[in-house]
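Note sheet for the following structure.
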Amino acid sequence: MINACRDFLELAETHSRKWQRALNYEQEQRVHLEETIEQLAKQHNSLERAFCNTPGGPASSSKSFSEGSFLTSKGENSEEDEDTEYFDAMEDSTSFITVITEAKEDRKPESGPGTTTVDWTSADNVCEVLDGASFMPKDSCKVKRRVRIPDKPNYSLNLWSIMKNCIGRELSRIPMPVNFNEPLSMLQRLTEDLEYHHLLDKAVNCTSSVEQMCLVAAFSVSSYSTTVHRIAKPFNPMLGETFELDRMEDMGLRSLCEQVSHHPPSAAHHVFSKHGWSLWQEITIASKFRGKYISIMPLGAIHLEFQASGNHYVWRKSTSTVHNIIVGKLWIDQSGDIEIVNHKTKDRCQLKFVPYSYFSKEAARKVTGVVSDSQGKAHYVLSGSWDDQMECSKIVHSSPSSDGKQKTVYQTLPAKLLWRKYPLPENAENMYYFSELALTLNEQEDGVAPTDSRLRPDQRLMERGRWDEANTEKQRLEEKQRLSRRRRLESCTAGCGGEEEKESDGYVPLWFEKRLDPLTGEMACMYKGGYWEAKEKKDWHMCPNIF
């Protein structure tokens, strides 16, 4: 019996190794197939764009728009073949657009319902402001900024061994090694939204609120352009951590971020520009690990106000999704709808981020939108992609669909480029795909607050390629933060002991304070002042020791 058992065990081990090899082979083939399908999908989209940009392609036709889908000058197809055929038939009326473009006094009365009050001619403000926005030169600065950081080390890591027990948990509560990070904090990533600030500088000069809305919409989309290759997560800021961007000389603005809550992670941000606009927001990151993907939902309203006109815009961010967490190549997508509202004029912009699909006819990372006035009349059509560029087209005529569907067809003039993404720096693939602005954000500077992200030791060690030391330092900082929270909870318990106090753990932000937002009806952290005055005096005695 013992010999028989020994023979059986040997036979079972042999077959087990055989099946293990077969399983490994099948897994490798599956990964290879997924990568091949992804490459084919990308090539398919590239071929479609190349065809549509040829002289005889759909780009030579006028543009039409149906709610939920656009036919742009690049010939992007709608989701329904029947609608595509219908709109192609509408493109025969190009003479109507030509007449309006060349001589606005020849406009026919019957075009009134879909016609705006400002014509798209070279003499109009719309051409001077909107068309010039896409060709703004990059900031010139007397201070020499760095143009590279140390190359990313090639560290291998078993992702599944860390993530298998984290399904369904709040992502911010999962202890992550720096191997999943990039050497920037969430506060610095939030500041990156200002990379295309020149769009807002140009928007200050707009005399028409709907034209200004086009630039504001392009700015809101541009903040996603750096995320297309940035699959690594930023560092979760320590409670009380700050980040300043004092670029008044070259960018004409000052920006301050502060981490005002740790659970849930929440950051307050305030920007002042010498060109006549201010931006503020409090963003709370809600994220869930779903097994195959991670959903990142930024909660909170973004406010933008132009001092001269009093136009006050409010919008919220869309959902970001990181796909192929366990198997395949990681990639990120943006999806959802964004509504931008001008609370002074009641103008609105509806933006739609189309989810990407391997088998969809839509262009990858597509964004579409419509700008309407307070009466609901559409003035501009927006189209493009969140990783490349945005265009706007002036609507000259609108009409209902004749096929019985509840859709509106917009005839537009040729598109004007609003925004185009800057090319990435040389060797960006080895520098976490950072943009030129991102490369400068963690550059060491004198005079910043002792709580500034540039002074965070684990992030600095990671940037220098010393990841093992960075992981050790990260654990030390997190334990120090937990100890500080326990002390605050003990103080709160001694005071009132209420559940509300326990939830807030008694922390009070240093540079921001909770106020009622009159436009959204929500409580939000707003800048209360004092930071730049403290920097000028070099007086940081009030700052906590968090590092």
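Every read-out reported here was derived from the displayed coordinates using simple, explicitly stated rules and does not represent laboratory data. Quantities reported herein were computed from a predicted structural model and do not represent experimental measurements.
With one equal scatterer per alpha carbon and no solvent term, the Debye-computed log10 I(q)/I(0) for segment 218-306 at 0.11, 0.13, 0.14, 0.17 1/Å reads -0.38, -0.53, -0.62, -0.90. With 10 Å bins beginning at zero, the pair-distance distribution over Cα atoms of segment 295-446 amounts to 9, 26, 36, 20, 8, 1, 0 %. Size descriptors for segment 238-356 (Cα atoms only): Rg and Dmax, in that order, 17.0, 52 Å.
Subtracting the Cα-Cα distance of ASN24 and GLN475 from 0.36 nm times their residue separation leaves 158.9 nm of extension gain. When the listed pairs LYS514/LYS537; LYS152/LYS366; LYS317/LYS535; LYS274/LYS346; LYS366/LYS407; LYS292/LYS421 are checked against a 23 Å cut-off, the alpha-carbon distance exceeds it for LYS514/LYS537; LYS152/LYS366; LYS317/LYS535; LYS274/LYS346; LYS292/LYS421.
Amide H to amide H, with H built 1.01 Å from N, GLY336 comes under 5 Å of PHE353, counting only residues 5 or more places away or on other chains. Applied to segment 515-527, the Karplus parametrisation 6.51 cos²θ - 1.76 cosθ + 1.60 on θ = phi - 60° returns per-residue 3J(HN,Hα) values of 9, 7, 7, x, 7, 9, x, 10, 7, 9, 7, 10, 5 Hz, with x for Gly and Pro.
Set the Cα radius of gyration of segment 381-495 against 2.2 N^0.38 Å, with N its number of residues, and you get 1.92. Under 8 Å for C-alpha pairs, at least 6 residues apart: give me the relative contact order for segment 241-355, rounded to a whole percent. Relative contact order of segment 241-355: 15 percent.
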